[in-house]
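Heads up, the thing below is written out as structure tokens.
Bear in mind these aren't lab numbers, they're just calculated from the coordinates by the rules spelled out. Only a predicted model underlies this, so the values are computations on that prediction, with no experimental measurement involved. Every residue, glycine as well, gets a Cβ built from its backbone with ideal geometry; the counts of neighbours run over all protein chains shown.
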Amino acid sequence: MSIVVKPLDADKRGTCPAEFSFGATFSDHMFSQDYEKGKGWFNAEVSPYHALTLDPSAAVLHYSQEIFEGLKAYRNQQGNINLFRPFENFKRFNRSAKRMVMPEVDEQFHLQALKALIELDHAWVPTQQGSSLYIRPTMIATSAKLGLGASANYTHYIIVGPAGAYFQGGFNPISVYIADKYRRAVAGGVGEAKTGGNYAASLYASEEVAQLGYSQVLWLDAVEGRFIEEVGAMNICFVYDNKRIVTPSLSGSILPGITRDSILKLAPTLGYEVSEERLDVNQIVADIASGKITECFGCGTAAVISPVGKLCLTGKDYIINNNQSGAVSKHLYDVLTGIQYGTVADPFGWIEEIVVK
């Protein structure tokens with residue numbers, strides 16, 4: 001299937017503004033295509049950014065049949081654009097689609113569509129240090145019906161926009177409240193799919209802890225309320241004795257993060273030990289208190305790596321590394337972002353470069 005490109009006239013196009021925040025500004029164009037059961041995908045096009053028109057009975061509005069992804073593009077020193085591990089995001093997009101009974105998108109075509117969009121809107125990829133182009137592929141169910149069941153019609157679209165730091169404090173440590181009353185997801189549910197309902201369910205607790213002065217919620221398993229899973233916007237890692245990085249093993253209710261996977265592959269090449277384990281929250285806070293845990297950090301596309309300086313469990317704060325960012329998280333951040341921007345060699349073949357014409 002070919003992609004029709006319908007660009008704005010040159011004099012109507014914008015460019016990356018001097019100031020922007022995360023997820024608030026979007027480029028001139030977007031990609032979209034439609035799906036109909038029995039017909040497949042059609043109407044693939046890059047066109048001016050526009051509002052979507054949905055029937056009030058559209059399935060996505062009533063039964064939350066939707067998925068999305070998040071990845072980034074980076075301006076390299078040659079002025080070209082680096083995509084970081086896009087196929088991993090497209091594979092996860094399809095895993096989410098399968099779990100939500102939605103059609104899959106061919107991974108090569110997904111990349112072709114994204115490249116067509118970025119090639120047209122390359123002026124929106126920022127050049128400021130630490131900035132990037134955030135990419136949001138999305139699929140929604142559009143069948144007009146109120147009967148419960150999988151939709152027969154879908155729209156898949158991609159929007160992009162310049163992004164700065166996810167957290168206002170940049171690389172400064174954030175504070176995290178460990179959820180002691182609420183749960184995010186259960187094994188056998190949709191916790192490992194990137195679907196909006198997971199995030200909607202987290203908002204109540206997130207707003208509650210924000211009023212207490214904490215940046216994020218750390219979720220525990222839904223069965224025993226004892227084992228660590230993930231933070232609201234990222235996976236979580238703990239550093240023991242400045243050399244061993246431990247992260248919760250994937251349980252079926254944890255989103256398998258691309259940045260998490262990148263750290264597990266990158267860290268051993270930098271001299272660190274890594275392991276995936278079932279982590280008891282009581283043991284974790286005990287290890288923080290004893291000093292065995294020397295650092296903690298979250299990892300995800302939006303923030304890349306974000307140090308955690310304070311965890312709170314049942315009203316008691318546990319301070320990590322004197323609430324300072326640590327050498328291990330900074331080392332990982334510098335090398336990982338170096339690969340993303342092209343200033344550090346990429347031994348893994350993670351970068352897909354778009355040459356700006």
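The calculated FRET efficiency for the pair SER249 and LYS357, based on their C-beta separation and a Förster distance of 51 Å, comes to about 0.70. Work out, step by step, the length gained on full extension between LEU203 and THR343: first 0.36 nm times the residue separation, then minus their alpha carbon distance; give nm to one decimal. Between LEU203 and THR343, full extension yields an extra 46.7 nm. Only counting other Cβ atoms within 10 Å, I'd like GLU208, GLU273, GLU230 sorted with the fewest neighbours first. Fewest-to-most Cβ neighbours within 10 Å comes out as GLU273, GLU208, GLU230.
Measuring nothing but how far apart in sequence close Cα pairs (under 8 Å, 6+ apart) lie, relative to its length, the stretch 174-341 scores a relative contact order of 24 percent. Between the alpha-carbon centers of the stretch 163-238 and the stretch 60-83, tell me the distance in whole angstrom. The distance from the Cα centre of the stretch 163-238 to that of the stretch 60-83 comes to 21 Å. Label positions at LEU212 and GLU19, each projected 7 Å from the Cα along the C-beta direction, are separated by 3.4 nm.
Each principal axis of the stretch 305-357 carries a Cα extent, and these read 55, 20, 19 Å when sorted largest first. Using a/c under 1.5 as the rounded threshold, could you call the stretch 107-215 rounded, prolate or oblate? The axes a ≥ b ≥ c are square roots of the C-alpha gyration tensor eigenvalues, and prolate needs a/b larger than b/c, oblate otherwise. Oblate, because a/c is 1.5 or more while a/b does not exceed b/c.
Per-residue 3J(HN,Hα) values for the stretch 178-191, derived from phi via the Karplus relation 6.51 cos²θ - 1.76 cosθ + 1.60 with θ = phi - 60°, read 7, 5, 10, 10, 10, 10, 8, 7, 10, 4, x, x, 10, x Hz in sequence order (x marks Gly and Pro). Mind pulling the angle between the C-alpha long axis of helix 327-341 and the longest principal axis of the chain? Nearest 10 degrees, somewhere in 0 to 90. Around 20 degrees separate the two axes. Each residue, LEU61 and LYS12, gets one label point 7 Å from its Cα in the Cβ direction; the gap between the two is 2.7 nm. Treating only the Cα positions of the stretch 174-341 as identical point scatterers, give the base-10 log of I(q)/I(0) from the Debye formula at each q in 0.09, 0.18 Å⁻¹. For the stretch 174-341 at q = 0.09, 0.18 Å⁻¹, log10 I(q)/I(0) is -0.27, -1.15. Once C-alpha pairs closer than 8 Å and six or more residues apart are averaged by separation and normalised to the residue number of the stretch 4-163, the relative contact order reads 35 percent. Karplus-derived 3J(HN,Hα) values for the stretch 294-300, using 6.51 cos²θ - 1.76 cosθ + 1.60 with θ = phi - 60°, are 9, 8, 9, 8, x, 9, x Hz; glycine and proline are entered as x. Based on other C-beta atoms within 10 Å, arrange MET30, MET1 from fewest to most. Placing the least packed residue first, the sequence is MET1, MET30. For the stretch 169-302, the Cβ-based charge dipole about the Cα centre amounts to some 160 debye (Lys, Arg positive; Asp, Glu negative; other atoms uncharged). For the stretch 118-143 versus the stretch 265-304, the inter-centroid distance based on Cα atoms is 30 Å. May I ask for the angle, rounded to the nearest 10°, between helix 281-290 and the longest principal axis of the chain, with both axes built from Cα atoms and the value confined to 0 to 90°? Helix 281-290 sits at roughly 50 degrees to that axis. Residue exposure proxy: GLU276, GLU207, ordered by other Cβ atoms within 10 angstrom of their Cβ from fewest to most, comes out as GLU207, GLU276. Computed over neighbours whose Cβ is under 15 Å from that of GLU208, the net charge equals +1, Lys and Arg +1, Asp and Glu -1. If the segment from PHE42 to VAL4 were pulled out straight at 0.36 nm per residue, it would be longer than the present Cα-Cα gap by 12.6 nm. Cβ-Cβ distance of ASP334 and GLN78, R₀ of 22 Å, FRET efficiency by 1/(1 + (r/R0)^6): the value works out to about 0.60. Approximating the spin labels as points 7 Å out from Cα along Cα→Cβ, the THR314-to-SER275 distance works out to 2.6 nm. Straight-line reach from LYS194: taking Cα to Cα under 28 Å and skipping same-chain neighbours fewer than 8 places apart, the lysines in range are LYS37, LYS39, LYS72, LYS91, LYS98, LYS115, LYS145, LYS181, LYS265, LYS310, LYS330. Axis of helix 107-120 versus longest Cα principal axis of the chain: the two differ by about 80°, to the nearest ten degrees.
When only Cα pairs below 8 angstrom with a gap of at least 6 residues are kept, the chain shows a relative contact order of 19 percent. Of the beta bridges in the stretch 174-341, as assigned by DSSP with both residues counted there, near 65 percent are antiparallel.
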